[in-house]
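The values are calculated or read from the model by the stated rules, or taken from the named source; none is laboratory data. Keep in mind that this is a model prediction, so the values were computed, not measured. When we count neighbours, we look across all protein chains shown, and the Cβ atoms used for this are built from the backbone with ideal geometry, even at glycine.
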Amino acid sequence: MSTNVRVQPDLKFVKELQSVGGESLKKCYQCATCSVVCPLSPADAPYPRKEMVWAQWGLKDRLLTDIDIWLCHNCGTCSDLCPRGAKPGDLLAALRNMAYRNLAKPTCIGKWMSSSNYLPLLLLIPAAIYMLIWILRAGVLKSFFPLKDGAVVYGHLFPGDFTIDPIFGAVFLFMVIAFASGIKNLLASFKGMPKTFVVGRGKEPGFLSCLIDTIKEEVAQHSRFRDCGTAPKDVQRFQGHLFLFYAFVALAIVTGVVATGHWGGEFFLKHVLKFDDPLTNLLAAAGHTPMSLANPVKVLANTGALAMVIGLIYLTKRRLSLDKAKSSSSWYDWYLLTVIWSICITGVGSEFLRLVNIPHLAYPTYNLHLISVFMLIAYLPWSKLGHLVYRVVGIAYARKIGRMPPPRH
Ligand code: HEM
Ligand code: SF4
Ligand code: SF4
């Protein structure tokens, strides 16, 4: 008995996909080499060949609800070995770019993040905010480059308490709310995914336990990155990402300690809980910036900055050395690397220029640093760094439905 399947291709979607990085998909002649050589793809309904077929047919609904795009680690092996130069790895990257564009609300930011044409607009928002603060404070202090007791003090010109901290607090909250809408849409899109029978597994595990396993294995140890291969370019990518990831963890801890110490943490620990131990004193000292270079929190911050530079060098070198006939880099790839480079250079530059006390260079550099951090955090759910959340959710869900193997322990 035969069944008629009605295929409804969405040609506008195919064009859109090509515009965000899937240019070469029409070249595919479906030999399936890509699915065979992929080091991560499961034996059951492997990727990325099926996505190439769906994309050629314009099967938008299938592609937009495909969990496999979050399991691919963009190692490029499939694209390197594709006999037609159809760049299947780029297609999966393009599908992730489409997800960044559409998952979180408001989707207009997704549109602005999808093309370099909107970069001036995205830059203008933080630039205007920080320039306004600079002008207002310069009026009060009677100088655009003021010194406090003869020294550059950023908090003097850009006061943390009533400008920088509330702005970043609001931006952070905005980012979290946007991510919540993105996660909700992502999970809703997975609802139709078929469940895979896993031999030896009892009942389906809960999402939370899968999330914890994902964080332990894929996030903390980068296990799937390691599984991608042992060629020098794979190792370079694995190590580069590991350095960058732990740099962000270190800097997040530093920010958390400084913010807690500053916003009542010291008072709470010392006067409410009546603690008087070295850890409490450390927290108290970290609440008052600039910190001494010997403060362990400052040491962690500087170690994080160094790890960030190392990770960025690895990842940028790898991206620049890609064979363009086989793998391409999209606007999403370069936006992320450029913003992180910018945070790193202006952050290290601000610290150096403050220490050597050159206000005319220090304040503009610090201003650029604030703009760069804003560009990363405020637009995060719509940028490629959205993978930090969406990939983790995708992998955890894949574990739950048996699409990914259970944990190794
Ligand atoms: C603070 C956390 C993170 C940072 C700063 C970060 C940063 C980056 C950067 C800059 C790239 C681009 C590399 C390139 O251009 O070649 C990248 C790619 C990637 N990241 Fe992360 N990442 C983070 C968290 C995570 C997590 C939690 C996961 C996995 C569960 C992950 C998985 C990946 C994968 C698979 C890629 C390659 C895919 C692609 O380039 O599209 N990342 N990450
Ligand atoms: S993308 Fe390349 S390797 Fe994969 S099926 Fe198409 S032609 Fe074959
Ligand atoms: S890029 Fe790597 S992980 Fe992704 S489909 Fe291709 S071979 Fe598999």
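Cβ-Cβ under 7 Å, sequence separation 6+ or interchain: first residue in the range 314-338 and under 17 Å from Lys87 (Cα atoms), partner among the acidic types (Asp, Glu) and surrounded by 15 or more Cβ atoms within 10 Å (Cβ to Cβ). Which pairs?
Qualifying pairs under 7 Å: Arg319/Asp333; Lys326/Asp80; Ser327/Asp90; Ser328/Asp90.
Restricting to the range 143-175, give me the number of residues that are aliphatic (A, V, I, L, M) and surrounded by fewer than 12 Cβ atoms within 10 Å (Cβ to Cβ).
2
Among the listed residues Phe248, Phe225, Phe238, Phe243, which satisfies the condition of being under 26 Å from Ser79 (Cβ atoms) and either away from ligand 3 (no atom under 16 Å from the Cβ) or touching a strand residue (DSSP E or B) at 6+ places or on another chain (Cβ under 7 Å) (or both)?
Answer to the check: Phe243.
Taking Pro83, is it within 15 Å of ligand 1 (Cβ to nearest atom), surrounded by fewer than 16 Cβ atoms within 10 Å (Cβ to Cβ) and not β-branched (Val, Ile, Thr)?
In short, no.
For the range 174-201, give me the residue count where each residue is in a loop (DSSP other than H, G, I, E, B) and farther than 16 Å from Ala398 by Cα.
Final tally of qualifying residues: 1.
How many of the residues in the range 11-25 are away from ligand 1 (no atom under 16 Å from the Cβ) and aliphatic (A, V, I, L, M)?
3
From Ala178, Ala220, Ala188, which residue is touching a Pro at 6+ places or on another chain (Cβ under 8 Å) and at pLDDT 95 or above?
None of the others qualify; the one that does is Ala178.
It is to be established whether one or more residues within the range 308-316 are surrounded by fewer than 17 Cβ atoms within 10 Å (Cβ to Cβ), in a helix (DSSP H, G or I) and polar (S, T, N, Q).
yes
Within the range 28-43, take every residue that is in contact (Cβ under 8 Å) with a residue 60 or more places away in the chain and within 16 Å of ligand 1 (Cβ to nearest atom) and give me the one that is surrounded by the most Cβ atoms within 10 Å (Cβ to Cβ).
Leu40
Looking at (1) touching a Phe, Trp or Tyr at 6+ places or on another chain (Cβ under 9 Å); (2) over 28 Å from Ala259 (Cβ atoms); (3) in contact (Cβ under 8 Å) with a residue 60 or more places away in the chain; (4) not small (Gly, Ala, Ser), which one does Phe145 not meet, given that it meets all the others?
(2)
Could you go through the range 77-98 and let me know if any residue there is in contact (Cβ under 8 Å) with a residue 40 or more places away in the chain, away from ligand 2 (no atom under 12 Å from the Cβ) and part of a loop (DSSP other than H, G, I, E, B). Full working, then the answer.
First, pick out the residues of the range 77-98 that are in contact (Cβ under 8 Å) with a residue 40 or more places away in the chain: 77-98.
Now restrict to residues that are away from ligand 2 (no atom under 12 Å from the Cβ): 93-98.
Now restrict to residues that are part of a loop (DSSP other than H, G, I, E, B): none.
Looking through the range 77-98, none of the residues is in contact (Cβ under 8 Å) with a residue 40 or more places away in the chain, away from ligand 2 (no atom under 12 Å from the Cβ) and part of a loop (DSSP other than H, G, I, E, B).
Provide a single number: the residues in the range 108-142 that are β-branched (Val, Ile, Thr) and either surrounded by 16 or more Cβ atoms within 10 Å (Cβ to Cβ) or touching a residue at least 24 places away in the same chain (Cβ under 8 Å) (or both). Show your work before the answer.
Pass one, the range 108-142, residues β-branched (Val, Ile, Thr): 109, 125, 129, 133, 135, 140.
Going one step further and asking which of them are either surrounded by 16 or more Cβ atoms within 10 Å (Cβ to Cβ) or touching a residue at least 24 places away in the same chain (Cβ under 8 Å) (or both), we end up with 109, 125, 129, 133.
So the answer is 4.
In the range 47-65, how many are surrounded by fewer than 23 Cβ atoms within 10 Å (Cβ to Cβ) and in a loop (DSSP other than H, G, I, E, B)?
3
Out of all the residues in the range 135-157, is one or more touching a strand residue (DSSP E or B) at 6+ places or on another chain (Cβ under 6 Å) and either more than 16 Å from ligand 2 (Cβ to nearest atom) or not hydroxyl-bearing (Ser, Thr, Tyr) (or both)? Walk me through how you get there before you give the answer.
Of the residues in the range 135-157, the ones touching a strand residue (DSSP E or B) at 6+ places or on another chain (Cβ under 6 Å) are 156.
Retained after the next criterion (residues that are either more than 16 Å from ligand 2 (Cβ to nearest atom) or not hydroxyl-bearing (Ser, Thr, Tyr) (or both)): 156.
Yes, the range 135-157 contains a residue that is touching a strand residue (DSSP E or B) at 6+ places or on another chain (Cβ under 6 Å) and either more than 16 Å from ligand 2 (Cβ to nearest atom) or not hydroxyl-bearing (Ser, Thr, Tyr) (or both).
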